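Below is one structure, written out as structure tokens; comments come after it.
The values are calculated or read from the model by the stated rules, or taken from the named source; none is laboratory data. Worth saying up front: this structure is predicted, and the values here are computed from it rather than measured. Counting neighbours? That spans all protein chains shown, and the Cβs are built from the backbone with ideal geometry, glycine included. We work out accessible area using only protein heavy atoms, side chains counted, and drop any ligands, DNA or RNA first. Shrake-Rupley method; radii C 1.70, N 1.55, O 1.52, S 1.80 Å.
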Amino acid sequence: MRSVSLIEFSWLYDEHKRLLWDEFLKLFYLHLEDKEDINPFYFNLLLLAIRKWDKQNPKRVICESYINLLKYEKRLQPKRVCFICETAIRDKVSLMRGFKVTHPECIKSHPIATKKVINFLDTNNSIFLEDNEIDTILVAVMKGF
Ligand SMILES: [Zn+2]
């Protein structure tokens with residue numbers, strides 16, 4: 001038992017991974033603090049994330065978990081129309097808080113290829129995104145669930 005927990009939580013000694021975990025937990029806390037009945041979905045989402053934390057880039061785990069949360073809460077917005085100016089999305093997009101899709105110039109954020117972002121939102125999988133693109137998307141997540 002002891003050895004299992006040491007293996008599972010070896011990343012606790014990795015400051016970068018531990019700090020990201022603290023940030024991730026804080027997002028959950030702030031999102032759920034006013035709710036009286038918390039659905040097991042959120043607990044299971046955290047369990048899934050903690051299992052992946054050591055094996056995958058935790059930034060990707062956060063972004064992918066967040067899509068699952070948005071889909072569970074039915075909050076994912078239309079992907080082909082800019083949330084700010086309400087005109088059609090072109091070849092590059094940015095993501096706002098809540099993964100609302102916008103033109104990069106509408107929120108002055110780093111552009112990412114629309115095709116990649118839509119694939120990410122549809123599949124909950126960040127495999128086609130570069131690490132710097134994940135960093136850009138993570139900024140949107142860290143603004144709050
Ligand atoms: Zn726009």
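Would you mind stating whether Val93 is away from the ligand (no atom under 13 Å from the Cβ), among the β-branched types (Val, Ile, Thr), modelled with pLDDT of 95 or more and closer than 20 Å to Lys59 by Cα? Against the criterion (away from the ligand (no atom under 13 Å from the Cβ), among the β-branched types (Val, Ile, Thr), modelled with pLDDT of 95 or more and closer than 20 Å to Lys59 by Cα), Val93 does not qualify. The lone criterion from (1) without any contact (Cβ under 8 Å) to a residue 60 or more places away in the chain; (2) away from the ligand (no atom under 16 Å from the Cβ) left unmet by Asn125 is number (1). In the set Phe128, Phe120, only one residue is closer than 14 Å to Cys63 by Cβ, open to solvent by 10 Å² or more (accessible area, probe 1.4 Å) and of a type outside the set (S, T, N, Q); that residue is Phe128. The criterion of being over 13 Å from the mean Cα position of the chain (by Cα), surrounded by 14 or more Cβ atoms within 10 Å (Cβ to Cβ) and under 17 Å from Thr123 (Cβ atoms) holds for Lys52. Evaluated against (1) touching a residue at least 40 places away in the same chain (Cβ under 8 Å); (2) under 14 Å from the mean Cα position of the chain (by Cα); (3) over 16 Å from Val141 (Cα atoms), Tyr66 falls short on exactly one condition, (3). Apart from one condition, Lys59 fits all of (1) in a helix (DSSP H, G or I); (2) surrounded by 12 or more Cβ atoms within 10 Å (Cβ to Cβ); (3) without any contact (Cβ under 8 Å) to a residue 24 or more places away in the chain; (4) not hydroxyl-bearing (Ser, Thr, Tyr); the exception is (3).
Taking the listed residues Glu133, Glu64, the one that is more than 16 Å from the ligand (Cβ to nearest atom) and touching a Ser or Thr at 6+ places or on another chain (Cβ under 8 Å) is Glu64, with no other qualifying. One residue stands out among those in the range 102-113 that are β-branched (Val, Ile, Thr) and within 9 Å of the ligand (Cβ to nearest atom): the one that is most open to solvent (accessible area, probe 1.4 Å), which is Ile107.
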